[in-house]
Amino acid sequence: MRLELSVTDALAETPWWLSAIKAVVIFGFLVVSTLVMIWAERRVVARMQQRVGPNRVGPFGLLQGLADGIKLALKEDIIPTAADKAIFILAPIISATTCFLAFAVIPFGPVVSVFGQETALQLTDFSVSVLYVLAVTSVGVYGLVLAGWSSGSTYPLLGGLRSSAQVISYEIAMGLSFVAVFLYSGSMSTSEIVSSQDRLWFAIILLPSFLIYVVSMVGETNRAPFDLPEAEGELVGGFHTEYSSLKFALFFLAEYINMFTVAALATTLFLGGWQAPWPLGGAIWAGANDGWWPVLWFVAKLWIFMFMFIWLRGTLPRMRYDQFMKFGWKVLIPLSLLWIAIVATVRAVSNEASIDRQDILIWGGVALAVLLVVSIVWDYVSGRELEQPDDIDKPFDPFGGGHPVPPLPGQQAVAVAVVASPSNADSEVLDA
Amino acid sequence: MIELLAATPQTSTGEAVAFWCLAPIAVGAAVMILLSRKAVHSALWMATTMIVLAVLFIMQGGIFLGVVQVVVYTGAVMMLFLFVLMLVGVDASDSFVETLRAQRVAGILLGAGFGVLLMAAVSRATFPEAVGVGAANDAAGGHVEAIAEAIFTRYVFTFEVVSIVLITAAVGAMALTHKERLTPRRPQPEQSVDRIRSAHPTPHPSPGVYAQHNAVDTPALLPDGTASEASVPDELRRQGTVRYTELEAANRRADEDGERE
């Protein structure tokens, strides 16, 4: 049974007490999710690294996050002498408050009935809600920068500057990846973007936008492999080096909730939001998109992204800072601009000249195929071949350059006599 | 803003309450920009004013304007300001000595004069009958659509001129700060090969940790008690601020005396 009320109307008629309940529920959802995420991250990374992970506090170690939180709260709260005290206290507050705000416009589900009142499962929605998320995250950056500056210490300052430069750069790529979605959905309101994906997810038709967004969302949240602001090897702890106790906990909380925010935005803009995944919706199970079921789909999609965050952290080493910035400015942003130009052209042509979109896609595909063939032929004609290392034929020298080295691909390893060291004098000298 | 509110007779109670709560914050923060002693504090008060103004815009129905104000001004422009302030290191050591005589008095007078001028101009201006944002939005079929239509039809020339000015400024900034490399860039593989072939492929020894000092300027001690030069940064050695142990310092003085004689 689908309730016949548009999201805007349902939100406009929502009484204040229901909005208050929604706000509290969103807050609770995020805090509990953070606790679960801390546990999940440690367990999953542990599994990826052949360890067990936390398993002492509560069943399966589930209460580990809570225990850590209590421990953090009971730690001594240090404010360095050189710190700018007011801003030092303000910075974590800015970080931790702004990160919650973005979730106000994320739709968890369609219009449902709560206590006899019809309302949409999102706190609010307006014509530019996606831009609002961008605005809130850009205010959140102040927390990082001010924390770095107010600590009155070199490493935090460098970390703060790094993180702000990183977040601002990747926010541009992120904003550009939204443009194609706006063009296709014809709106910047989250609920309308979700409803315009009822047939096909934007992750499929706008795949380049989706990929750019996924990369930039990892950069935006300062997570591995882009966790340069707190690169321990270079900056001790980055912007939060001088923070301890609950102030540090606030930064920690903000980082995790920011992850949930970007993941929720990715779900909403590209993965159809709360709509049931493909085989379920409509054909197999007519009721999959009604009532409270969509909340389940939404949370499931959210956690796919959260798992991806953990997976990346367990898999990839940290990038070098200059490579990372180069990637953002010289690869992601030009690619997004090119893709927007293509999308806008295709849309304009199919709207104005009444050419079928299928024709455009077919001819575009043909052009790409021709380009590919030409480039392959060109490679043959110009006679360029894969460069082989010139010393491939030489016999393998296990001490080339004065240091023990492994054989190059194609070289034959020769067994070398190992001379027994004085510590294991009993072992025999091995022969080839 | 006051003029606008006065012109529309039906200001709702909620709007009035929000206005009288937010307006003092905006004005107070604006005054604090001038009164703050640290440049970073001024920048923060500026950001506060901008956010409060954005909230006022949103309250008046200009949602797009309010949100873009936060994204562009608070998020990008002020952030760049902060960036520069932090990089050039303007902090507690700001000087408050007037370099130009009577600059402060002249500044206050000019500011007050400008304020009077502005108020006179705004209070004497005649506004057309306000139709409200709702009517303008309905005419174009939506809030964002209305703004898009205004920018890309009626004001398209102004819009393009503004973007040309911005691009020129960006290119100019890049041209001014561009620096030619004097030496060719050495890629990481080359550096690592050089390092392995150098006499010292492992990391340098870390600086010393002693009862009195624990910092990068304290060199580690070799087994014979002399300081290891490799354990302190080159820059500190050049500045001559390396903190040697007393014995080592005495030895060094003796060496220098010996060289001089």
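The values are calculated or read from the model by the stated rules, or taken from the named source; none is laboratory data. Everything numeric in this text was worked out from a predicted model, so none of it was measured. In this analysis, Cβ positions are derived from the backbone assuming ideal geometry, glycine residues included, and neighbour counts consider all displayed protein chains.
Mind checking whether some residue in region A:249-258 is of a type in the set (Phe, Trp, Tyr) and more than 21 Å from the chain's Cα centre (by Cα)?
No, region A:249-258 contains no residue that is of a type in the set (Phe, Trp, Tyr) and more than 21 Å from the chain's Cα centre (by Cα).
Counting only residues that are within 15 Å of the chain's Cα centre (by Cα) and more than 20 Å from A:LEU269 (Cα to Cα), which one in region A:290-318 is surrounded by the most Cβ atoms within 10 Å (Cβ to Cβ)?
In this case the residue turns out to be A:ILE310.
Every residue in region A:202-233 that is surrounded by fewer than 21 Cβ atoms within 10 Å (Cβ to Cβ), in contact with a Gly (Cβ under 9 Å, 6 or more places away or on another chain) and at pLDDT 80 or above, please.
A:ALA203, A:VAL215
Consider B:VAL162 carefully, then state whether it is surrounded by 11 or more Cβ atoms within 10 Å (Cβ to Cβ), within 14 Å of chain A (Cβ to nearest Cβ), free of Cβ contacts under 8 Å to residues at least 12 places away in the same chain and of a type in the set (A, V, I, L, M, F, W, C).
no
Find the residue count for region A:118-129, including only residues that are touching a helix residue (DSSP H, G or I) at 6+ places or on another chain (Cβ under 6 Å) and either aliphatic (A, V, I, L, M) or over 24 Å from A:GLU171 (Cα atoms) (or both).
5
Return the pair list, or none, for Cβ contacts closer than 9 Å from residues in region A:24-46 that are outside the structural domain of A:GLU255 (by TED's automatic domain parsing) and touching a residue at least 40 places away in the same chain (Cβ under 8 Å) to residues that are outside any helix (DSSP H, G or I) and of a type in the set (Val, Ile, Thr), at least 6 apart or on different chains.
Close Cβ pairs satisfying both conditions: A:ILE26/A:ILE106.
Tell me which residues, restricted to region A:99-127, are surrounded by fewer than 24 Cβ atoms within 10 Å (Cβ to Cβ), part of a loop (DSSP other than H, G, I, E, B) and not hydroxyl-bearing (Ser, Thr, Tyr).
A:PHE115, A:GLY116, A:LEU123, A:ASP125, A:PHE126
For region A:253-283, which residues satisfy the criterion of being touching a residue at least 24 places away in the same chain (Cβ under 8 Å) and over 27 Å from A:PHE178 (Cα atoms)?
Once the filter is applied, which keeps residues that are touching a residue at least 24 places away in the same chain (Cβ under 8 Å) and over 27 Å from A:PHE178 (Cα atoms), region A:253-283 yields nothing.
Which ones in region A:218-248 are over 20 Å from the mean Cα position of the chain (by Cα) and small (Gly, Ala, Ser)?
A:GLY233, A:GLY237, A:SER244, A:SER245
Does region B:243-250 contain at least one residue that is at pLDDT 80 or above, within 38 Å of the chain's Cα centre (by Cα), within 27 Å of A:THR154 (Cβ to Cβ) and outside the structural domain of B:VAL84 (by TED's automatic domain parsing)?
yes
Being surrounded by 14 or more Cβ atoms within 10 Å (Cβ to Cβ) and either of a type in the set (A, V, I, L, M) or assigned to a loop (DSSP other than H, G, I, E, B) (or both) is the filter here, so list the residues in region A:56-74 that pass it.
A:VAL57, A:GLY58, A:LEU62, A:LEU63, A:LEU66, A:ALA67, A:LEU72 - these are the residues of region A:56-74 that are surrounded by 14 or more Cβ atoms within 10 Å (Cβ to Cβ) and either of a type in the set (A, V, I, L, M) or assigned to a loop (DSSP other than H, G, I, E, B) (or both).
Assess whether A:ALA102 counts as being assigned by TED's automatic domain parsing to the domain that holds A:VAL141, in contact with a helix residue (DSSP H, G or I) (Cβ under 9 Å, 6 or more places away or on another chain) and touching a residue at least 60 places away in the same chain (Cβ under 8 Å).
yes
What is the residue count in region A:103-151 for residues that are within 12 Å of chain B (Cβ to nearest Cβ), farther than 30 Å from A:THR81 by Cβ and modelled with pLDDT of 85 or more?
The number of residues fulfilling the criteria is 12.
Being out of contact with any Lys or Arg (no Cβ under 9 Å at 6 or more places or on another chain), among the polar types (S, T, N, Q) and within 26 Å of A:VAL136 (Cα to Cα): is that true of A:THR261 here?
Spelling it out, A:THR261 is indeed out of contact with any Lys or Arg (no Cβ under 9 Å at 6 or more places or on another chain), among the polar types (S, T, N, Q) and within 26 Å of A:VAL136 (Cα to Cα).
Exactly one of (1) more than 8 Å from chain A (Cβ to nearest Cβ); (2) more than 15 Å from A:GLY160 (Cα to Cα); (3) assigned to a helix (DSSP H, G or I) is unmet by B:VAL68. Its number?
(1)
Give region B:197-229 a look and list any residue that's small (Gly, Ala, Ser) and loosely packed, with under 15 Cβ neighbours inside 10 Å, or say none.
Across region B:197-229, the qualifying residues are B:SER198, B:ALA199, B:SER206, B:ALA211, B:ALA215, B:GLY225.
I'm told A:SER33 meets every condition in (1) polar (S, T, N, Q); (2) in a helix (DSSP H, G or I); (3) within 30 Å of A:SER6 (Cβ to Cβ); (4) within 14 Å of chain B (Cβ to nearest Cβ) except one. Can you identify the failing condition by its number?
Looking at each condition in turn, A:SER33 falls short on (4).
If you check B:ALA227 against the conditions, is it hydrophobic (A, V, I, L, M, F, W, C) and assigned by TED's automatic domain parsing to the domain that holds B:ASP255?
Taking the combined requirement at face value, the residue satisfies it.
From (1) within 20 Å of the chain's Cα centre (by Cα); (2) within 11 Å of another protein chain (Cβ to nearest Cβ), pick out the condition that doesn't hold for A:ILE87.
Of the numbered conditions (1) within 20 Å of the chain's Cα centre (by Cα); (2) within 11 Å of another protein chain (Cβ to nearest Cβ), the odd one out for A:ILE87 is (1).
So, restricting to helices (runs of 4 or more DSSP H) that lie completely within region A:153-248, which ones have at least 2 residues that are out of contact with any Phe, Trp or Tyr (no Cβ under 8 Å at 6 or more places or on another chain)?
A:154-185, A:190-195, A:207-220, A:232-235
Looking at (1) hydrophobic (A, V, I, L, M, F, W, C); (2) surrounded by 11 or more Cβ atoms within 10 Å (Cβ to Cβ); (3) within 14 Å of chain A (Cβ to nearest Cβ); (4) farther than 30 Å from A:SER189 by Cα, can you tell me which one B:ALA136 breaks?
(4)
So the check is Cβ under 8 Å with 6+ separation or different chains; which pairs have a first residue in region B:27-43 that's more than 14 Å from A:LEU146 (Cβ to Cβ) and a second one that's aromatic (Phe, Trp, Tyr) and at pLDDT below 85?
Cβ pairs passing all conditions: B:ARG37/B:PHE96.
Of the conditions (1) within 14 Å of another protein chain (Cβ to nearest Cβ); (2) at pLDDT 90 or above; (3) surrounded by fewer than 14 Cβ atoms within 10 Å (Cβ to Cβ), B:VAL27 satisfies every one except a single condition; which number is it?
The single condition B:VAL27 does not satisfy is (1).
Please go through region A:152-164 and give me each residue that is facing another protein chain (nearest Cβ under 10 Å) and surrounded by 21 or more Cβ atoms within 10 Å (Cβ to Cβ), ordered by number.
A:LEU157, A:GLY160, A:SER164
Within region A:170-179, can you find the residues that are among the small types (Gly, Ala, Ser) and away from chain B (no Cβ under 11 Å)?
The answer is A:ALA173, A:SER177.
For region A:311-326, which residues satisfy the criterion of being touching a helix residue (DSSP H, G or I) at 6+ places or on another chain (Cβ under 8 Å), modelled with pLDDT of 85 or more and over 22 Å from A:VAL45 (Cβ atoms)?
A:MET325
Given (1) within 21 Å of B:PRO201 (Cα to Cα); (2) modelled with pLDDT of 80 or more; (3) among the hydrophobic types (A, V, I, L, M, F, W, C), identify the lone condition not met by B:VAL216.
(2)
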